[in-house]
Amino acid sequence: MHGYDEPVYLISVVAKVLSIHPQTLRQYEREGLIEPSRTEGRMRLYSQKDIDKIKMILRLTRDLGVNLAGVDIVLQFKEQIDELEEEIDRLKNELATLKKQGTIQSNKSLIKKKHVYDIILFGE
């Protein structure tokens with residue numbers, strides 16, 4: 001079994017699995033939406049993570065009518081949200097550690113996460 005980030009799939013395999021033309025994948029790469037790994041011979045290799053991202057791009061373009069510029073913005077926002085959620089988790093862990101050490105009194109600090117944003121795309 002391969003890791004989620006491990007590049008193992010050739011462009012022809014990905015195109016066939018997703019029922020798209022390989023040129024579509026090349027276009028997404030030119031637009032900067034995906035960045036597949038390359039072999040020493042310059043062949044594109046895709047990971048499962050890449051495939052999941054391509055699936056999201058296809059849902060946005062096909063099902064929701066978003067153009068590629070809009071997809072780029074959505075992907076950038078999703079990346080920012082993911083980074084901010086990681087930072088929140090890191091800060092929560094740091095605060096918990098400080099509370100355990102007695103550096104901060106439990107009744108003097110409070111963290112509430114008001115919103116969790118997930119991109120959920122519904123098919124027909």
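Scan region 53-95 residue by residue and report those that are more than 12 Å from the chain's Cα centre (by Cα) and touching a residue at least 60 places away in the same chain (Cβ under 8 Å). Those that are more than 12 Å from the chain's Cα centre (by Cα) and touching a residue at least 60 places away in the same chain (Cβ under 8 Å): R59, L60, D63.
Scanning region 69-102 for residues that are under 18 Å from E35 (Cβ atoms) and in contact with a helix residue (DSSP H, G or I) (Cβ under 7 Å, 6 or more places away or on another chain) yields V71, V74.
Being free of Cβ contacts under 8 Å to residues at least 24 places away in the same chain and among the basic types (K, R) is true for just one of R44, R30. Which residue is that? Write out each step before concluding.
Working: R44 fails: free of Cβ contacts under 8 Å to residues at least 24 places away in the same chain.
Sole residue among the options that is free of Cβ contacts under 8 Å to residues at least 24 places away in the same chain and among the basic types (K, R): R30.
Residue-level check: of (1) modelled with pLDDT under 95; (2) touching a Gly at 6+ places or on another chain (Cβ under 9 Å); (3) under 28 Å from H2 (Cα atoms), D63 misses just (3). For region 31-52, the tally of residues that are more than 18 Å from the chain's Cα centre (by Cα), loosely packed, with under 14 Cβ neighbours inside 10 Å and not in a loop (DSSP other than H, G, I, E, B) stands at 1. Selection over region 21-30 of residues that are of a type in the set (D, E, K, R) and assigned to a loop (DSSP other than H, G, I, E, B) gives a count of 0.
Do we find a residue being modelled with pLDDT of 80 or more, touching a helix residue (DSSP H, G or I) at 6+ places or on another chain (Cβ under 8 Å) and either outside any loop (DSSP other than H, G, I, E, B) or of a type in the set (D, E) (or both) anywhere in region 103-114? Within region 103-114, none of the residues are modelled with pLDDT of 80 or more, touching a helix residue (DSSP H, G or I) at 6+ places or on another chain (Cβ under 8 Å) and either outside any loop (DSSP other than H, G, I, E, B) or of a type in the set (D, E) (or both).
Whether any residue in region 53-65 is part of a loop (DSSP other than H, G, I, E, B) and either out of contact with any strand residue (DSSP E or B) (no Cβ under 7 Å at 6 or more places or on another chain) or buried (at least 16 other Cβ atoms within 10 Å of the Cβ) (or both) is what I want to check. Yes, region 53-65 has at least one match.
Of everything in region 1-20 that is in a loop (DSSP other than H, G, I, E, B), more than 23 Å from D72 (Cβ to Cβ) and of a type outside the set (A, V, I, L, M, F, W, C), the residue that is modelled with the highest pLDDT is E6. The residues of region 83-93 that are surrounded by 11 or more Cβ atoms within 10 Å (Cβ to Cβ) and not aliphatic (A, V, I, L, M), listed by number, are E85, D89, K92.
The values are calculated or read from the model by the stated rules, or taken from the named source; none is laboratory data. Worth saying up front: this structure is predicted, and the values here are computed from it rather than measured. Quick reminder, even Gly has a Cβ in these numbers, built from the backbone with ideal geometry, and neighbours come from all protein chains shown.
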